[in-house]
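The values are calculated or read from the model by the stated rules, or taken from the named source; none is laboratory data. Treat the numbers as computed from the prediction; the structure is a model and nothing was measured. Reconstructed Cβ throughout: ideal geometry from the backbone, glycine too, with neighbour counts over all protein chains shown. Accessible surface areas use protein heavy atoms only, side chains included; no ligands, DNA or RNA. Shrake-Rupley method; radii C 1.70, N 1.55, O 1.52, S 1.80 Å.
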Amino acid sequence: MTALIIALAAVTLAYRLLPLALLERFRLPSWARDWLELVPGAVLAAMLCQAVLLPGEAEPWKTPELLAAVPAAAVAWRTRSMVRTMVTGMLVYALLSHML
Amino acid sequence: MSLPSATIARMSASCVETERPGLWAGFRATLPVALGCVPFGLAYGAVAAASLSPWQTSLMSLTVFAGTAQFVAVSMLAQGADLLSVWFTCVLVNLRLLLLSAAVSPHLQGIGAAQRLASAQALTDESFAVSLGAFRTHDAKPVYLVGSGLAIYLFWQIATLVGRLASGLIPQGFGLEYALSASLICLLFMLVHSRRQWVVALLAIVLALVSRLWLPDAWVVLAATMIAATVGLGLKRWL
């Protein structure tokens, strides 16, 4: 695990330092910039899918994981607040897991 | 009586020199933004509890110092992803830093190697946004960026360690196991703006659902991300 952290840190520092070290105008092709804008949303959405649409569940729409995502998404959409979204999601999830 | 124009030029130059915002100005201007990163740092720490020890959690904050990538890393680890796929996904997520570094480099001309290293490590989405504004409108000194990054660095270290240590204090039954999902939901709304980004995000969900029928769980996120983003390139014409 520590090796993963070091390997990630090395690449991250290279990203930060390379354009500064080259000191010339450093430009990525426009399609690469475009692709990069799409990556973070795709990663988060795919991870969310793994987290709330549990594999191997016969009725995934009835799980507290998926149902709690609805109020959490509503709060996130309205407030963009990490704290409020987490409190809402965690409380609704705790309630539903007691009920279901 | 009139001063020679050369004297006036020198006076005004020295006046500008003393008023150019520096390290401390960058630090102060960034404090509110740094405070805004605290909940995100707490969330990272809480999710990291599933896969990293406290010192590893801090090691990542000290060296990687990139919120989204750190969060993606511990989330994928919590979902049992393969180490190589975690590394590769975060390398993709962090590629964005190349763009920030390139965009800020014209404002950092003529600095020494040590300050260049400090400026590089200080570069985040937040310090970039604050500093670029100051470079453009207030002719800030290059070291402004270091001060700006330092403010975020300090708050990030404290928040992530507190989040990691406090995760053990929340008792069972209060939904802590939902911390990851809830923060993913919030991040999605924070990072996805355009219609095309939303379409790509939805496509990534569909691809994750389909690909996990064949792929081992450890590679689903990486595969879904790369395909969805690549298809997204082709959607530019319509969206």
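Need one word for the range B:70-134: rounded, prolate or oblate. Basis is the Cα gyration tensor (sqrt eigenvalues a ≥ b ≥ c); a/c below 1.5 gives rounded, then a/b vs b/c decides. Note, shape of the range B:70-134 comes out prolate. Of A:59, B:177, the residue with the largest accessible area leads and the full order is B:177, A:59 (1.4 Å probe). Rg and Dmax of chain B, both derived from C-alpha coordinates alone, stand at 21.8, 87 Å.
Where in the range A:17-100 are there GluC sites (Glu not before Pro) that are in a DSSP coil and have at most 10 other Cβ atoms within 10 angstrom of their Cβ? It would help to have the intermediate numbers written out before the result.
Working: sites: A:24, A:37, A:57, A:65; in loops: A:24, A:57.
When the GluC sites (Glu not before Pro) of the range A:17-100 are filtered for loop state and at most 10 Cβ neighbours within 10 Å, A:24 remain.
Against chain B, whose longest principal axis comes from its Cα atoms, helix B:125-138 is set at around 20 degrees. The residue list B:147, B:70, B:33 was ranked by how far each Cα lies along the charge dipole of the range B:20-191 toward its positive end, using unit charges on Cβ atoms, and B:147 comes out on top. Angle of helix B:67-78 to the longest C-alpha principal axis of chain B, folded into 0 to 90 degrees and rounded to 10: 20°.
Taking all protein chains together, A:93, B:153 sort by accessible area into B:153, A:93, largest first [probe 1.4 Å]. Of the whole protein surface, residue B:169 contributes about 140 Å² of accessible area at a 1.4 Å probe radius. For the segment B:51-59, counting C-beta atoms of other chains within 10 Å of every residue's C-beta and taking the mean gives 2.
Taking the charge dipole of chain B about its Cα centre, with +1 at Lys and Arg Cβ atoms and -1 at Asp and Glu Cβ atoms, the residue from B:49, B:94, B:194 reaching farthest to the positive side is B:194. Screening chain A for whole DSSP H helices of 24 Å or more along their axis (Cα) with average Kyte-Doolittle hydropathy at least 0.0 returns A:2-22, A:30-52, A:82-99. Assuming a ≥ b ≥ c are the square roots of the Cα gyration tensor eigenvalues, decide whether the range B:153-214 counts as rounded (a/c under 1.5), prolate (otherwise, with a/b larger than b/c) or oblate. Oblate shape, in that a/c is at least 1.5 and b/c is the bigger or equal ratio. Computed over the alpha carbons of chain A, Rg followed by Dmax gives 19.7, 61 Å. With one equal scatterer per alpha carbon and no solvent term, the Debye-computed log10 I(q)/I(0) for the range A:50-100 at 0.19, 0.24, 0.30 1/Å reads -0.60, -0.86, -1.09. To the nearest ten degrees, helix B:54-63 and the longest principal axis of the Cα atoms of chain B are 40 degrees apart.
To one decimal place, what Kirkwood hydrodynamic radius in Å is obtained for the protein assembly as shown from all pairs of distinct Cα atoms?
On the way: mean 1/r = 0.0472 Å⁻¹.
Result for the protein assembly as shown, one decimal place: 21.2 Å.
Find the centroid of the Cα atoms in the range B:186-214 and in the range A:1-60, then give the distance between the two in whole Å. Going from one Cα centre to the other spans 14 Å. Dipole orientation for the range A:30-99: of the candidates A:85, A:39, A:68, A:85 has the Cα lying most toward the positive pole (charges on Cβ; Lys, Arg +1; Asp, Glu -1). For the range B:192-239, taking the reciprocal of the average inverse distance between every pair of different Cα atoms yields a Kirkwood hydrodynamic radius of 10.9 Å.
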